[in-house]
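The structure appears right after this line, and notes come after that.
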Amino acid sequence: MKKAPRGTRDILLQEAVKWQYLEEVFREMCFKYNFTEIRTPIFEESELFVRSVGEASDIIKKEMYVFKDRGGRELALRPEGTAGVTRAYLEHGLNHRAQPLKFFYFGPMFRYDRPQAGRQRQFYQMGIETFGTEDPAADVEIIKFTADLFAKLGFENLSLQINSVGCPQCRPSFQDYLRNFAREKESSLCPDCRQRMQTNPLRILDCKVLSCREAMQDAPALDSFLCPSCRESFEMVLKLLQALQIPYQVDPCLVRGLDYYTKTAFEFIFDALDTQNSLVGGGRYDHLVESCGGPYVPGVGMAAGVERILLAMEKENLWPAEDAPDGIFLAIDDPGLRGEGLLLLYQLRAQGLKAETDYLGRSLKAQMKYAHRHGFRYVVILGKEEKLHKKLKLRDLLQGEQQEVSPAELLKHFKS
Ligand SMILES: [Zn+2]
Ligand SMILES: [Zn+2]
């Protein structure tokens with residue numbers, strides 16, 4: 001028998017209910033914050049990701065699913081959501097509309113990585129993006145959205161880490177400084193970091209290898225290199241977070257894995273997950289639209305890993321109480337009455353109720369058992385005897401009560 005490919009999973013039954021719950025809470029929050037949905041293709045030209053995510057990043061170098069289609073086009077399964085949204089923003093000329101524009105997405109992403117708990121090769125992200133404003137209040141809105149989302153889900157022990165990663169004005173001098181600093185420690189750095197020294201020295205700061213951490217612990221902080229614009233923006237973000245009473249920690253080593261971030265970068269950390277403890281990452285990407293071939297359009301957003309959040313919810317036991325039994329099971333005890341029975345079934349459904357019947361010719365007793373096991377609250381029994389008296393039996397499995405009603409009374413009963 002075939003199995004799902006390594007790094008992919010089927011989401012079904014009770015687990016699917018949990019996914020739906022999370023997605024609903026997210027969509028509700030998006031509605032309140034005025035983010036509207038955008039659905040972009042799951043594959044794009046690979047060039048889009050190379051230009052936006054950055055050639056030197058692990059995602060592009062090691063993890064992206066790249067393939068040629070039958071027409072010889074170089075395509076890639078999207079490894080993240082922002083690049084596609086940005087491409088769509090430009091392609092549809094949305095920069096000519098009144099700004100800012102705010103979008104959300106929820107969907108599968110793909111990275112070739114070693115599968116582990118909370119990390120699949122096809123994984124899901126939900127994210128929000130605001131295009132067209134440099135206002136630090138837009139950064140804070142993304143953060144507040146995320147804090148509200150987690151509060152709504154019932155999380156209490158998340159910490160917000162924040163930093164400014166600078167901009168093309170101020171970052172290069174810091175990178176030079178950091179490169180020189182790292183060169184002196186080269187013998188203690190891991191092979192990845194030795195390469196990062198050339199390509200993206202900032203990433204050495206968030207390497208998880210212990211010897212790299214120790215070597216870099218006295219590294220200079222980007223903070224002292226920020227240009228006035230970055231500094232002012234960062235100070236305003238922190239000030240607004242304080243005004244909204246959102247606790248945070250400034251983490252000078254927080255640089256994020258993607259090249260396109262500028263100024264604000266943040267993560268929400270859940271300490272109870274030992275590895276993969278970052279549930280959400282986000283920040284400002286003021287030059288992403290340009291690197292996708294467009295004009296200067298500032299932007300800010302966040303992306304959250306759905307599997308990781310579900311894993312964290314599992315750890316904290318944050319599921320809402322299980323649904324009480326509900327819906328109606330129509331037990332037809334005589335094959336000759338199927339027409340009448342089915343008519344009633346569809347009338348109940350037309351009234352907006354969850355209704356079901358038997359499709360396996362089970363005995364009445366077996367139908368009752370099925371209804372109970374599948375969480376139906378009511379069973380309606382239609383048999384010869386009931387037909388004779390023109391009354392159906394309506395049994396409430398929750399209250400353990402039974403009454404006799406005509407079909408018209410039944411429909412009326414469930415109208416209220
Ligand atoms: Zn700057
Ligand atoms: Zn390293």
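No lab work stands behind these numbers, since they all come straight from the coordinates. Remember, it's a predicted structure, so these values are computed and weren't measured experimentally. Positions of Cβ are generated from backbone atoms using ideal geometry, with glycine treated the same way; all protein chains shown enter the neighbour counts.
The share of C-alpha pairs in segment 5-134 whose separation exceeds 20 Å stands at 53 percent.
Net length available on complete extension from Ala350 to Lys387 is 11.1 nm, with 0.36 nm assigned per residue and the Cα-Cα distance removed.
Subtracting the Cα-Cα distance from 0.36 nm times the residue separation, let me have the gained length for Leu364 to Asp218 in nm, one decimal.
Here the answer is 45.0 nm.
In the chain, excluding the sites themselves, the longest stretch lacking any of the chymotrypsin sites (Phe, Trp or Tyr not before Pro) that are in a DSSP loop with at most 13 other Cβ atoms within 10 Å is 1-295. Taking the square roots of 5 times each eigenvalue of the Cα gyration tensor of segment 73-114, largest first, gives ellipsoid semi-axes of 25, 13, 6 Å. With coordinates expressed along the principal axes, the C-alpha atoms belonging to segment 286-410 extend over 77, 35, 27 Å, beginning with the largest.
What separates the Cα centres of segment 89-124 and segment 137-216 is a distance of 21 Å. Annotation for segment 306-412: GluC sites (Glu not before Pro) lying in DSSP loop with at most 15 further Cβ atoms inside 10 Å of their Cβ are Glu322. Rounded to the nearest 10 degrees, the inclination of helix 306-316 to the longest alpha-carbon principal axis of the chain is 70 degrees. Here the ratio of the Cα radius of gyration of segment 129-236 to 2.2 N^0.38 Å is 1.30.
In loop segments of segment 32-85 as defined by DSSP, the trypsin sites (Lys or Arg not before Pro) with at most 16 further C-beta atoms inside 10 Å of their C-beta are Arg39, Arg70, Arg73. Rounded to the nearest 20 debye, what is the charge dipole size of the chain about its Cα centre when +1 sits on each Lys and Arg Cβ and -1 on each Asp and Glu Cβ? That gives a dipole near 1320 debye. Overall shape of segment 342-416 was characterised from the C-alpha gyration tensor. The equivalent ellipsoid obtained from it has semi-axes of 17, 15, 13 Å, in decreasing order. Karplus-based coupling profile of segment 353-362, in residue order and whole Hz: 8, 7, 9, 8, 9, 8, 10, 10, x, 6, with θ = phi - 60° in 6.51 cos²θ - 1.76 cosθ + 1.60 and x standing for Gly or Pro.
Taking the centroid of alpha carbons for each part, segment 321-358 and segment 9-26 are 25 Å apart.
The H on the amide N of Met109, modeled in the peptide plane, is under 5 Å from the matching H of Phe123, Tyr124, Gln125, each at least 5 residues off or on a different chain. Counting only residues at least eight positions apart within a chain, or on another chain, the lysines with an alpha carbon under 30 Å from that of Lys18 are Lys2, Lys3, Lys32, Lys102, Lys144, Lys152, Lys315, Lys354, Lys369, Lys415.
The GluC sites (Glu not before Pro) found in segment 1-74 that occupy coil by DSSP, while having at most 12 further C-beta atoms within 10 Å, are Glu55. Net charge dipole, segment 328-413: roughly 160 debye, given to the nearest 20, about the Cα centre with Cβ charges of +1 for Lys and Arg and -1 for Asp and Glu.
Cα-based Rg of segment 303-372 per 2.2 N^0.38 Å, rounded to two decimals?
1.69
Sorted from greatest to least, the principal axis extents spanned by the alpha carbons of the chain come out as 93, 52, 44 Å.
Applying the Karplus relation 6.51 cos²θ - 1.76 cosθ + 1.60 with θ = phi - 60° to segment 221-227 yields 3J(HN,Hα) values of 8, 4, 2, 6, 9, 4, 6 Hz, where x marks Gly and Pro. Using C-alpha pairs below 8 Å separated by at least 6 residues, the relative contact order for the chain is 15 percent.
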